Every structure is written in structure tokens, then in C-alpha cells.
Amino acid sequence: MCTAADGPPHTVAAPAELQTLLGEPLPEEGGDLSGLLDHLAHDVLPLGIRFDHPRCFGFVPTTGNYPAVLADLLSTAHLSVPGAWLVGSGPSSIELTTLKWLKELLGLPGHWGGLFVSGGSLANLTALAAARDHQLGGDLVGARLYCSTQAHPSVA
């Protein structure tokens, strides 16, 4: 495939098919890395949602564009950790600057905080915890969460 639009937006494999593709015994010694990468790229990784497909309208775990891939490569190569100032003051500053820009773009108060999280599950659980603490404080007696069948799996 040359572009994301060349194939289907979603391909699901049955567990038996995946067992055939990946169910070999633990190797006793190293093998051909190039062959392994080809196998993964052609046979395994296409089995799922193509998040970069123009007809993919759900789930946004990451961006699949070249600037994002290069940023991930650079971040990984430098072992960047923006999770704490002590271990990543540079990466943490990038996150704080980006949050400042987003607040400006959205017209949000400058004193508001924010953070980037790894995906929908952590975002939902963080938002629920913040809402719970804001509304209920420490009194959780009788607290309930109601959601529809369309809720994200992390809260349904």
C-alpha cells in the first residue's frame, strides 16, 4: 500500500489466524531481524485499525504523520521523560509551553493547568477523578457514575 486510503480502515483477525502468524515457540537463539520486521509490517501490524485512514473516525491514540514519527524517534533516542522536572526539565518545558499555547488558542484562563496523557482511558479516568473530587470532596458515600452504552470502554 502506498497510502492509508489504499486499504480498508479496519481489519480484524480471528485469534486462530493470529496464533498461526505468531504462535511459534520461544526461539532458542537470535534470528533474521530483517525477516522479522517484514513479517510484522506485512502480516501482523495491518491487522487492526488504520488510524491514519481517511475513513477512521474513532480512537485517536497518536498521530501517524511524519513530523510526529520524527518527534517520537527523537524523544526515544534521547530517552526523554517529561513526567518529572528532575528527570526531564527540557521535555517538561515543551509540555508546559504547548499547554500555554493551547490555552491561548482556546481562550482559556492563563492560570488553568493541564497535562498531556497517553490516551482516552487515562484522560477519562483523570477527568472523572477531578470531577469527583471537585463535586464530592472526600464524601464518596452514595457516589455513582451513569453512562450510556456508547461510553468509552474505560468507564463503561
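Tabulated results
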{"read-out": "The one condition in (1) out of contact with any helix residue (DSSP H, G or I) (no Cβ under 9 Å at 6 or more places or on another chain); (2) at pLDDT 90 or above that Met1 fails to fulfil", "value": "(2)"}
{"read-out": "Any pair with Cβ under 7 angstrom, 6 or more apart, that starts in the range 5-31 at a residue that is touching a residue at least 40 places away in the same chain (Cβ under 8 Å) and ends at one that is of a type in the set (Val, Ile, Thr) and loosely packed, with under 10 Cβ neighbours inside 10 Å", "value": "none"}
{"read-out": "Counted residues, the range 121-156 - those being part of a helix (DSSP H, G or I) and either among the charged types (D, E, K, R) or surrounded by 10 or more Cβ atoms within 10 Å (Cβ to Cβ) (or both)", "value": "14"}
{"read-out": "Residue among Leu47, Leu33, Leu37, Leu22 that is touching a Ser or Thr at 6+ places or on another chain (Cβ under 6 Å) and of a type outside the set (Phe, Trp, Tyr)", "value": "Leu47"}
{"read-out": "Helices (runs of 4 or more DSSP H) fully within the range 15-93 counting 1 or more residues that are over 29 Å from Val117 (Cα atoms)", "value": "15-22, 33-39"}
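The values are calculated or read from the model by the stated rules, or taken from the named source; none is laboratory data. Here the structure is a predicted model, which is why all the values come from computation and not from measurement. Every residue, glycine among them, receives a Cβ derived from its backbone with ideal geometry; neighbour counts consider all protein chains shown.
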